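Notes for the one structure printed next.
The values are calculated or read from the model by the stated rules, or taken from the named source; none is laboratory data. The shown structure was predicted, so the numbers you read here are calculated from the model rather than taken from an experiment. So basically every Cβ, Gly included, is an ideal-geometry build from the backbone, and we count neighbours across all protein chains shown.
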Amino acid sequence: MRIKEFQIYTAQIPLNRPFVTSLGPEPYSEHIFVRVVLDNDVFGWGECAPSNTINGEILETCLALVPKLTQALIGIEVCEHQTIERLMNQVIYANFSIKSAIDLACYDAAAKSKDLPLYRYLGALKLKPMQTDYTVSLNSPELMAQQAIELKAQGFTLIKVKLGENAEMDVQRIKAIREAIGPEIKLKLDANQGWTFEEAVMVLNELNQCTIEYCEEPINRKLAYRLGALQRAVPIPIMADESVVDHHDAENLVTNQNIGLFNLKIGKSGGITPILNIIDVAQKHDVKMQVGGFIETKIVFTANCHLAQCSDNIVFFDCDSPLFHQFMPTHGGMIYEENWFIRLTEQPGLGIDLQPEFLAQCKRIQ
C-alpha cells in the first residue's frame with residue numbers, strides 16, 4: 001500500500017454571511033483538496049483552508065510547496081505516518097496548512113486500506129456523543145444578539161461568540177446576547193488574541209456574571225508566557241488555541257502556565273500525527289480539549305470527530321464551519337442530527353467524497 005500519486009484541486013466557496021473575527025472579515029473560504037492514490041488504487045481525501053493570519057499561509061504559498069512535499073512521499077508506505085511527517089518536515093519547516101491536507105489524505109487512504117473507519121484505525125473502540133456549537137461572528141451588540149436568537153430557534157444549545165475587536169464593546173456584546181437568549185444556552189468566547197492583558201482581565205471579570213464556559217486565546221500568542229498570570233486574575237477558564245501548535249507548546253502551557261484547556265486544529269498543527277502528540281500531553285496532565293478548525297468542509301470536520309474518539313478528554317466540539325457555506329461540496333462523512341448532535345458512520349476511512357459536480361468545477365493543479 002504505497003503512495004502512487006497525488007491529485008491537487010483548489011476551490012473558492014462563498015459563505016452564507018461574512019465571517020468576522022478580530023483578525024478581519026472573510027466573505028468566502030479558499031480550499032486546497034488533496035487526493036492521494038495508492039498502488040492498489042485506493043484513494044483518500046485531505047483538505048486545508050490556509051489561514052494567513054494564524055498559520056501565515058495563503059493558497060499560493062501552499063501550492064508552491066505541493067510539488068516538493070508530494071514528491072518526497074511517492075513510494076512511501078501510506079501507513080508510515082511518522083515517516084510521512086518526518087519527510088515533509090525535511091522539505092520545509094512549518095507550513096502546517098498544506099502539510100495537514102497531505103497528512104489527512106494519507107490517514108484516510110490508510111484506514112480505507114485496512115477497511116476500518118478512521119476512529120478504529122486510530123485505536124478507538126467506540127463512539128461517544130458529540131454536539132457542536134455554532135459561532136456568532138463580530139458585529140454590533142444588537143445584530144449579534146439577533147443572530148444568537150436565530151441560533152436558539154434552530155435548536156443550538158451551545159453558542160460560541162467571536163470577540164476581541166473592542167474590549168468595552170465586547171462586554172456589551174455578551175451582555176446583549178445573554179439577555180436575548182436567556183440563561184440556559186451555554187456561551188463560549190473566542191477573542192482570537194484581540195485583547196491586551198489588562199483588557200482581558202477587565203472583560204473576563206466583568207462577564208463572569210454571564211455564565212461563560214471558557215474563553216479561547218484572549219491575548220496575543222506571543223504573550224503565552226502570561227496566560228498563567230491571566231488565569232489567576234480571572235474566574236473564567238482560558239483555552240489555549242493559537243498558542244498551542246505542537247506538543248512542546250502543550251507541555252509548556254501545562255507545566256509553566258497551568259492552562260487546562262486546549263483547542264486542537266488539524267490545519268494549525270500540520271495533521272493528525274502532530275495532534276496525537278498533543279493529545280498524549282493533554283491526557284498525561286488531564287487537560288480537557290476541543291476539536292475545531294478553520295472554515296473547512298466536512299472533510300476536516302469528519303476527521304475531527306473521528307479523532308475525538310481517541311481521548312475521553314476531548315469534550316468540546318466546535319464543528320460548525322461546514323454550515324457556513326452556501327452549499328455542501330461533499331457527500332458522506334459526519335451527519336448533523338437533532339439538536340446538532342453529530343453522528344459518524346462505519347464507512348472505511350472518513351467515508352466522504354467530493355460531490356462530482358463540485359469536483360468538476362474545481363481547478364486541477366498539474
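Here is how the numbers come out for the structure above:
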read-out: Residue list for region 199-216, filter: among the charged types (D, E, K, R) and out of contact with any helix residue (DSSP H, G or I) (no Cβ under 9 Å at 6 or more places or on another chain); value: Glu213, Glu216
read-out: Residue that is nearest to the chain's Cα centre (by Cα), among those in region 185-206 that are among the aliphatic types (A, V, I, L, M) and more than 16 Å from Met239 (Cα to Cα); value: Ile185
read-out: Members of region 132-151 that are crowded, with 17+ Cβ neighbours inside 10 Å and out of contact with any Ser or Thr (no Cβ under 7 Å at 6 or more places or on another chain); value: Thr132, Asp133, Tyr134, Thr135, Val136, Asn139, Pro141, Met144, Ala145, Gln147, Ala148, Leu151
read-out: Per-region count, region 170-196, residues within 17 Å of Leu158 (Cα to Cα) and in contact with a strand residue (DSSP E or B) (Cβ under 6 Å, 6 or more places away or on another chain); value: 6
read-out: Condition met for Glu198 (part of a helix (DSSP H, G or I) and either surrounded by fewer than 19 Cβ atoms within 10 Å (Cβ to Cβ) or not assigned by TED's automatic domain parsing to the domain that holds Gly164 (or both)); value: yes
read-out: Lone qualifier among Ala229, Ala180 - being small (Gly, Ala, Ser), crowded, with 16+ Cβ neighbours inside 10 Å and more than 20 Å from Thr21 (Cβ to Cβ); value: Ala180
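Here is a yes/no grid of residues against (1) outside the structural domain of Ala303 (by TED's automatic domain parsing); (2) under 25 Å from Leu354 (Cβ atoms); (3) touching a Ser or Thr at 6+ places or on another chain (Cβ under 6 Å):
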| site | (1), (2), (3) |
| --- | --- |
| Phe43 | yes, yes, no |
| Ala49 | yes, yes, yes |
| Gly56 | yes, no, no |
| Glu60 | yes, yes, no |
| Gly75 | yes, no, no |
| Lys99 | yes, yes, no |
